[in-house]
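Report on the structure given below.
The values are calculated or read from the model by the stated rules, or taken from the named source; none is laboratory data. None of the values given here were measured: they were computed from a predicted structure. Backbone-built Cβ (ideal geometry, glycine too); neighbour counts: all protein chains shown.
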Amino acid sequence: MIDWVAQIGARTISKIAATGRAGLMLFGAIFALPQLKNIRLTIQQIYVVGVQSLLIIIVSGLFIGMVMALQGYTILVDYGAEGSLGPMVALSLLRELGPVVTALLFAGRAGSALTAEIGLMKATEQLSSLEMMAVDPLRRVVAPRFWAGMISMPMLALIFSAVGILGGHFVGVDWLGVDAGSYWSIMQATVDWNEDVVNGIIKSVVFATVVTWIAIFKGYDAIPTSEGISKATTETVVFSSLAVLGLDFVLTAIMFGIE
Amino acid sequence: MTTRKTEILVGIFVLLTIAATLLLGLKVANQGMQANGDTYTLKAKFDNIGGLKERSAVKVGGVTVGRVESIELDSDDFTPVVVLSISTQYSTFPETTSVAILTSGLLGEQYVGLQPGFSFGDIENLKDGDFIEDTKSALVLEDLIGQFLFSRDSD
């Protein structure tokens, strides 16, 4: 019984310590930025986490826009309101699906790769070797990846929304015969730049921070064995998906909850 | 050589993002049209504003000339005061102008319809901050049904 209580205590303390390490690492990564030679490394990482995620983002954006147009059309046409297809597709993409689905895909595509890469660097003692050579691994390895994730994900979310709206146009207008003029003009009358687009960007910046932070910390803090790395990779995807969905509710409540 | 290729691909990524932002800004949110935004405000008191919201359109004969800026309740006589912000491009509405809350289509959004009055002789134009006197409230379905039933009973 006492053992059991002691175990709970020990676990709690180790979780709090892990949170502390995560906070310190985030602090180190954010303030390790301003160095000109790091920009090269950051661009290299934007290529890895951003450009290489482009394909999956564009394809899923296209199909999600197309599916929403198809589903929305079959419901709206009963009320003779198929003109509202444009705002429906645009608002749900800009406010919710763009940031959220991008963050989930990003966690799966780029977050897991970041964790595995940094975890393996730790397991093969590359991080310790960097320290031996008086190179700060936070500055050399972690910071470029963190900033690359922060920069790439909002960009990917914007591309996702834009491609989704074009996909909705493709199905709604070209295939199902919604009037192109009403698709765009009612969308323009409904969508507000500050209310919808900027709030979506703010959401994706928050998600980018959380997903990249979790991914990098899980790699940096992984138990340096093959088992430990696989566990860390799984935890990255699970934790960041949960964090994104939970935060999304909070952000939506703050941004759109009260008129 | 690999860094060069990386840089080019990241450049394409950035260009794609700019293209997406332009699409969202100009084509979806129509930011370009709102940018030329010198406006002046008019106020109107209604008995009932129905489902009118902030940012609803203000239209003259179907042409959008402004937006509803804010809706408040007058603390003295408890009637809603609607503040309209109207583009200075349309600044010559006479004082006899009337204003009504209308609905676009059967299920559509409610908007404010301005009906410009005659301008002759000594009628002045509405200025910034003026109240429009002649207002017609929104139609409330329950009131309409009530009136209809009442008028049938009295027949």
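Within the bounds of segment A:62-76, is there any residue that is among the β-branched types (Val, Ile, Thr), within 11 Å of another protein chain (Cβ to nearest Cβ) and assigned to a helix (DSSP H, G or I)? Steps first, please.
In the first step, residues of segment A:62-76 are kept if they are among the β-branched types (Val, Ile, Thr); the result is A:64, A:67, A:74-75.
Okay, now just the ones that are also within 11 Å of another protein chain (Cβ to nearest Cβ), so none.
Looking through segment A:62-76, none of the residues is among the β-branched types (Val, Ile, Thr), within 11 Å of another protein chain (Cβ to nearest Cβ) and assigned to a helix (DSSP H, G or I).
Among the numbered criteria (1) surrounded by fewer than 19 Cβ atoms within 10 Å (Cβ to Cβ); (2) assigned to a helix (DSSP H, G or I), which one does A:Pro224 miss?
(2)
Step by step: first the residues of segment A:135-188, then only those that are within 11 Å of another protein chain (Cβ to nearest Cβ) and of a type in the set (S, T, N, Q), then the one that is nearest to A:Val211 (Cα to Cα). Which residue is that?
Selected residue: A:Ser152.
Take the residues in segment A:104-159 that are under 20 Å from A:Ile39 (Cα atoms) and of a type in the set (Asp, Glu); name whichever of them is farthest from the chain's Cα centre (by Cα).
Restricting to residues being under 20 Å from A:Ile39 (Cα atoms) and of a type in the set (Asp, Glu), the top hit is A:Asp136.
Taking into account only those residues within segment B:54-67 that are touching a residue at least 24 places away in the same chain (Cβ under 8 Å) and within 13 Å of chain A (Cβ to nearest Cβ), which is surrounded by the fewest Cβ atoms within 10 Å (Cβ to Cβ)?
If we take residues in segment B:54-67 being touching a residue at least 24 places away in the same chain (Cβ under 8 Å) and within 13 Å of chain A (Cβ to nearest Cβ), then B:Lys59 is surrounded by the fewest Cβ atoms within 10 Å (Cβ to Cβ).
Sort out for me the strands (runs of 3 or more DSSP E) sitting completely within segment B:42-137 that have 1 or more residues that are of a type in the set (A, V, I, L, M).
B:57-60, B:63-73, B:80-87, B:98-103, B:110-115
Is it the case, given these coordinates, that A:Leu26 is in a helix (DSSP H, G or I) and closer than 28 Å to A:Gly168 by Cβ?
Judged against the criteria, A:Leu26 is not a match.
Every residue, every condition in (1) touching a Gly at 6+ places or on another chain (Cβ under 6 Å); (2) among the β-branched types (Val, Ile, Thr), yes or no:
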residue	(1), (2)
A:Pro154	no, no
A:Val171	no, yes
A:Ser182	yes, no
A:Thr190	no, yes
A:Asp196	no, no
A:Val205	no, yes
A:Val211	yes, yes
A:Tyr220	no, no
A:Ile229	yes, yes
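Would you confirm, using the coordinates I've provided, whether A:Ser84 is modelled with pLDDT under 90, on the phi < 0 side of the Ramachandran plot and hydroxyl-bearing (Ser, Thr, Tyr)?
Details: modelled with pLDDT under 90: yes; on the phi < 0 side of the Ramachandran plot: yes; hydroxyl-bearing (Ser, Thr, Tyr): yes.
In short, yes.
For segment A:153-207, which positions are more than 24 Å from B:Ile18 (Cβ to Cβ) and in contact with a Leu (Cβ under 6 Å, 6 or more places away or on another chain)?
A:Val171, A:Gly172, A:Val178
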